[in-house]
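Working notes, beginning with the structure itself.
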């Protein structure tokens with residue numbers, strides 16, 4: 001999941017290795033594990049969470065429910081391997097297990113890394129699912145889990161980023177928010193920012209609370225600017241960056257960010273709680289911002305506006321998506337059993353649990369329909385509507401970590417440090433190409 005600290009795997013030194021085994025335990029026998037009985041297929045699963053957390057509880061409950069439902073046929077054995085603050089721990093265990101051949105049958109994968117895991121044969125396509133089985137999921141979930149037309153992963157959770165606004169400031173400025181299908185264009189938003197500036201200047205703030213943080217947040221929040229403005233970061237097959245990442249259209253989008261800074265619509269340095277303390281009219285942030293404001297900044301009167309789009313946008317999908325998903329390792333012995341576990345862990349009941357216990361968006365239509373929040377709560381309804389209508393996954397490429405890092409560096413260097421944007425784009429392409437070589441030779 002993408003939250004305040006966003007993480008991505010860098011599978012350095014593990015790519016392209018052949019797996020030799022499957023499972024967290026060495027061929028456990030029925031009776032050696034509580035609940036694992038004679039005649040059941042054993043399926044091991046790793047998750048990236050601490051068990052004694054709301055998210056961990058959800059995974060445990062879902063595994064227990066799976067074992068109850070499929071008692072006598074399948075038995076799932078879960079292991080919790082938490083990440084540390086730098087993103088290691090879980091990814092380190094995967095790296096070591098790829099080399100030793102000790103991966104489990106099912107493992108969690110951060111959505112943007114599905115392509116990388118698939119291209120490097122760490123995971124394999126799921127057993128075939130029917131149209132009906134697929135239809136329960138949001139399009140963004142299926143899109144995220146698909147690489148080269150094969151479905152590799154299904155997530156129990158989704159994510160969305162909102163353009164949050166301060167209702168009180170917009171009311172003073174006489175600004176009306178458009179509906180989801182008619183978002184402000186880049187040009188219109190500049191006019192809006194100019195109108196609210198006199199009000200944010202009075203409280204020594206900025207019209208827009210916006211930064212380019214190191215890590216996954218920058219590409220998660222701001223790749224939509226490029227997509228909605230006619231650009232992309234890599235080719236459709238994920239194997240070419242030249243002509244995409246450094247395109248003229250992307251250069252224009254970078255210039256738009258430079259305009260935001262030049263007009264002092266955003267700060268050059270991060271300002272803590274700028275929006276939450278009422279000193280900014282707008283902020284791009286994840287769905288968790290709703291709960292943050294309601295619990296910690298109760299005086300702030302917020303709304304969610306449609307994500308802004310390029311002036312030539314024609315209704316294409318473009319808004320942020322992506323979170324953790326379940327996938328099957330490449331040498332899993334029991335593919336049908338593992339696929340059933342992936343489906344259950346990502347399914348309707350698990351989605352209900354993930355929302356109830358963590359307030360993380362679920363992945364299936366029926367999970368959303370089970371709660372009034374997405375119909376009656378205006379902020380959550382707006383975020384859900386945006387997600388299911390315009391959700392767009394991050395770039396699908398075997399070298400996603402390099403693309404993500406380069407994206408952040410280009411914006412930071414070009415916008416905040418004033419370096420030549422075209423030069424930065426071209427340098428980024430060189431770095432990405434260096435990583436792509438192994439996949440294109």
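Annotations
- Stretching residue 187 away from residue 263 to a fully extended chain increases their span by 26.0 nm, per 0.36 nm per residue minus the current alpha-carbon distance.
- Pairwise Cα distances in region 303-367 exceed 20 Å in 52 percent of cases.
- With distances taken between every two different alpha-carbon atoms, region 45-156 has a Kirkwood hydrodynamic radius of 15.4 Å.
- Sites residue 177 and residue 92, calculated FRET efficiency, Cβ-Cβ separation with R0 45 Å, nearest 0.05: 0.50
- In Å, descending, principal axis extents of the Cα set of region 280-412: 54, 40, 32
- Cα radius of gyration and Dmax for region 362-433 (Å): 18.6, 50
- Per-residue ellipticity at 222 nm, computed for the chain from helices alone with -39500 (n - 2.57) per DSSP H run of at least four residues, works out to -12000 deg cm²/dmol.
- Summary of the geometry: region 236-268 and region 322-375, compared by the centres of their Cα atoms, lie 34 Å apart.
- Most fluctuating residue given options 138, 103, 387, as computed from a GNM of the chain linking Cα atoms under 10 Å: 138
- Gaussian network model of the chain, springs between alpha carbon atoms under 10 Å - residue of 290, 403, 43 with greatest fluctuation: 290
- Axis of helix 421-440 versus longest Cα principal axis of the chain: the two differ by about 10°, to the nearest ten degrees.
- Take the Cα of residue 79, go 7 Å toward its beta carbon, and the backbone nitrogen atoms of region 30-52 under 11 Å from that spot belong to 44-47.
- Between 0 and 90°, nearest 10: helix 378-390 axis offset from the chain longest Cα axis: 70 degrees
- Direction-averaged projected area, Cα convex hull, region 97-232: 12.2 nm², rounded to one decimal.
- Each label was represented as a point 7 Å from its Cα along the Cα-to-Cβ direction; for residue 299 and residue 34 these points are 5.1 nm apart.
- If you plug the beta carbon distance of residue 270 and residue 426 into 1/(1 + (r/R0)^6) with R0 = 35 Å, you get a FRET efficiency near 0.80.
- Against the chain, whose longest principal axis comes from its Cα atoms, helix 335-345 is set at around 40 degrees.
- Gained length - residue 292 relative to residue 239, 0.36 nm times residue gap less alpha-carbon distance: 15.2 nm
- The chain: most fluctuating residue of 270, 305, 367 per GNM, C-alpha cutoff 10 Å: 270
- Taking the DSSP bridge list for the chain and keeping only pairs wholly inside it, about 60 percent are antiparallel.
A short reminder: the numbers here are calculations on the coordinates, not readings from a lab. These numbers come from a predicted model, not from an experiment. With ideal geometry, Cβ positions are generated from the backbone for all residues, glycine too; neighbour counts draw on all protein chains shown.
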